[in-house]
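What follows is a single structure, written as structure tokens, with notes after it.
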Amino acid sequence: MSIAIYNTLTRSVQEFTPLNEGEVRMYCCGPTVYDYFHIGNARSFVMSDVVRRYFEFRGYTVTYVMNITDIDDKIIRRGNDEGVPSSQVADRFAAAFLEDSARFGIRPASMHPRATQTMDDMIAHIQGLIDNGSAYVVDGDVYFRVGSYQEYGKLSRKNIEDLEVGARVEADTRKESPVDFALWKNAKPGEPTWDAPWGKGRPGWHIECSAMAMKYLGRTFDIHAGGNDLIFPHHENEIAQSEALTHQPFAKFWMHFGFLNIDNEKMSKSLGNFFTAREILDKYPAEVIRFYYLQTHYRSPLNFTHEGLDAAKTGLQKLQVLYDALGEAPAGSGTVDVAAHEQRFVAAMDDDFNTPAGFGALFDFARDVNTVLHAEGGLDATSRDAARDLLHRTTVEVFGVVRTESAGGGDKLLDDVMQLVIALRTEARQEKQWALSDRIRDGLKELGIVLEDSRDGTKWKLGE
Ligand SMILES: [Zn+2]
């Protein structure tokens, strides 16, 4: 059996076969770092994290790339408002993004490339599009010639004629067509700029993702993911400008995560129902929020309520209690068919990452285990260990909703502080500040805290 995924590109559930056997190359659009990310973004980031973790559960090696967009209109605007360089705004919120992600239990991606550090690749990409007639320069701006790409609209199912009618109102008369979009924006006073063969300026948002994805994952890769709101124009434009250059498919599967509403209303700052991830993390444990998100299928809209979160807390407790109990239970004589339960879990998750059904299977499992565990005779050692192992691989490793004793030693404040320290050290390492990163590790060691780096990120534990 294999994993089936709903592909936005084909509007159907398709069997997943990787381009390279046993390997998944996956890209998810990351944050534009002009502010803290909100709980709608968090839903996408958590789900993408679970998809990656589930592929690993199924034995795949996953290369997972999530960009950090650190040059953008909104970042520049905030820098101007605060009277600081936009790079300072970007650095501050990039650090906050890594910190909040760590608090959420989201594993660091294999790479978190930054747009400003991928500039050469973007410029080369744009030059290639100019050279092959897919883009043109006007007064130092570069536009993608949408009409030159025959398959434009294949992801969002929009057609160029309709789009042209809609775009004509605010049309820039310098563009050949109102639907052509910017690959490069000519330098303006007070904005950071980079040198390009056609003049100074900065890249448009869409080209950033294409260049970063292709740099780290190759010209064609397995999965591109992101929020529903990115299908058009962002992902449509990513496909056009990538495939116009390479003449081969960009991503094979396109996965999109549903919206998050608050009390059945769209979340917005003006309605006063806007929550940042860190605001919610201050009120609820990350595991509870993750569990709450995952109880809704990722393609469905999620209605976020505080009552729902409180209920999630109670529900999740059952799995935590069982996990802890199995670690301590003396060996008895009863048995449970753990393998059969695992098959049910896998069948649910293989069906387009159906996390609510996956949890359904785990709660059935927990009920069966509890019945035997608390009956006279208890659970035999083999079943007990297999049950705890399955709970570990699913609720801890795949979903990240159950805490092991080693992580945090039961002290939430200490764990939160350590997640912050780890996030800052991860950022130092990404910027190749090795001396700083070593100082953090050595300083912690003196305090009796050991950091363990692995391909899934950094974990900490109290030293012996
Ligand atoms: Zn993107």
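The length gained on full extension between HIS306 and ALA124, counted as 0.36 nm times the residue separation minus their Cα-Cα distance, comes to 60.7 nm.
Cβ-Cβ distance of GLU376 and VAL321, R₀ of 22 Å, FRET efficiency by 1/(1 + (r/R0)^6): the value works out to about 0.60. For segment 307-398, the Kirkwood hydrodynamic radius from C-alpha pairs, put into Stokes-Einstein at 37 °C and a viscosity of 0.692 mPa s, yields a diffusion coefficient of 243 µm² per second.
Rounded to the nearest Å, what's the spacing between the alpha carbon centres of segment 296-339 and segment 159-224? Just the number, please. First find each Cα centre; the distance between them is then 46 Å.
Past 28 Å, Cα to Cα: identify those pairs from LYS154/LYS185; LYS158/LYS185; LYS318/LYS459; LYS215/LYS445, in the order given.
Checking Cα-Cα distances, LYS215/LYS445 exceed 28 Å.
Listed by chain and number, the lysines whose alpha-carbon sits under 26 Å from that of LYS269, ignoring those within fewer than 8 places in the same chain, are LYS74, LYS283. For ILE68, the residues whose amide H sits under 5 Å from its own are ARG114, ALA115, ignoring neighbours fewer than 5 places away on the same chain, with H placed 1.01 Å from N.
Our coupling estimate for segment 371-386, obtained by passing each phi through the Karplus curve with A = 6.51, B = -1.76, C = 1.60 and θ = phi - 60°, is 4, 6, 4, 9, 7, 4, x, x, 10, 6, 4, 5, 5, 4, 5, 5 Hz, Gly and Pro reported as x.
Distance distribution P(r), the chain, all Cα-Cα pairs, bin width 20 angstrom from 0: 22, 54, 21, 3, 0 percent. Listed values for segment 156-164 are Karplus-derived 3J(HN,Hα) couplings in whole Hz (6.51 cos²θ - 1.76 cosθ + 1.60, θ = phi - 60°), namely 8, 6, 10, 10, 4, 4, 4, 5, 4, and x replaces Gly and Pro.
Scalar couplings 3J(HN,Hα) for segment 34-42, obtained by applying the Karplus form with A = 6.51, B = -1.76, C = 1.60 to θ = phi - 60°, are 10, 6, 5, 7, 9, 6, x, 4, 4 Hz; x denotes Gly and Pro.
Counting only DSSP beta bridges with both residues in the chain, the antiparallel share comes to about 50 percent. Mind checking which aspartates and glutamates have their C-alpha under 17 Å from LYS266, skipping anything on the same chain fewer than 8 residues away? Those aspartates and glutamates meeting the cut-off are ASP229. With a Förster radius of 22 Å applied to the beta-carbon distance between ARG441 and LEU414, the computed FRET efficiency rounds to 0.80. Extending 7 Å from Cα along the Cβ direction at SER87 and again at ASP282 yields two label points whose distance is 3.1 nm. The Cα-based radius of gyration of segment 20-261, divided by its Kirkwood radius, gives an Rg/Rh of 0.96.
Remark on VAL138: its backbone amide H falls under 5 Å from those of TYR143, a criterion applied only to residues 5 or more positions apart or on other chains, H modelled at 1.01 Å from N. Just to confirm the number: angle between the C-alpha axis of helix 119-131 and the first principal axis of the chain, 0 to 90 degrees, nearest 10? Here the helix axis deviates by roughly 50 degrees.
For segment 408-462, the direction-averaged projected area of the alpha-carbon convex hull comes to 3.6 nm².
A Förster radius of 35 Å combined with the Cβ-Cβ distance from GLN343 to ARG11 puts the calculated FRET efficiency at roughly 0.75. Within straight-line reach of LYS200, meaning a Cα separation under 15 Å, sit the following aspartates and glutamates at least 8 residues removed in sequence or on another chain: ASP120, ASP139, ASP141, GLU191.
Only the coordinates and a few stated rules stand behind these numbers; no lab work does. Bear in mind that the values here come from a model prediction, so they are computed numbers and not experimental data. Cβ sites come from the backbone with ideal geometry, for glycine too, and all protein chains shown count toward neighbours.
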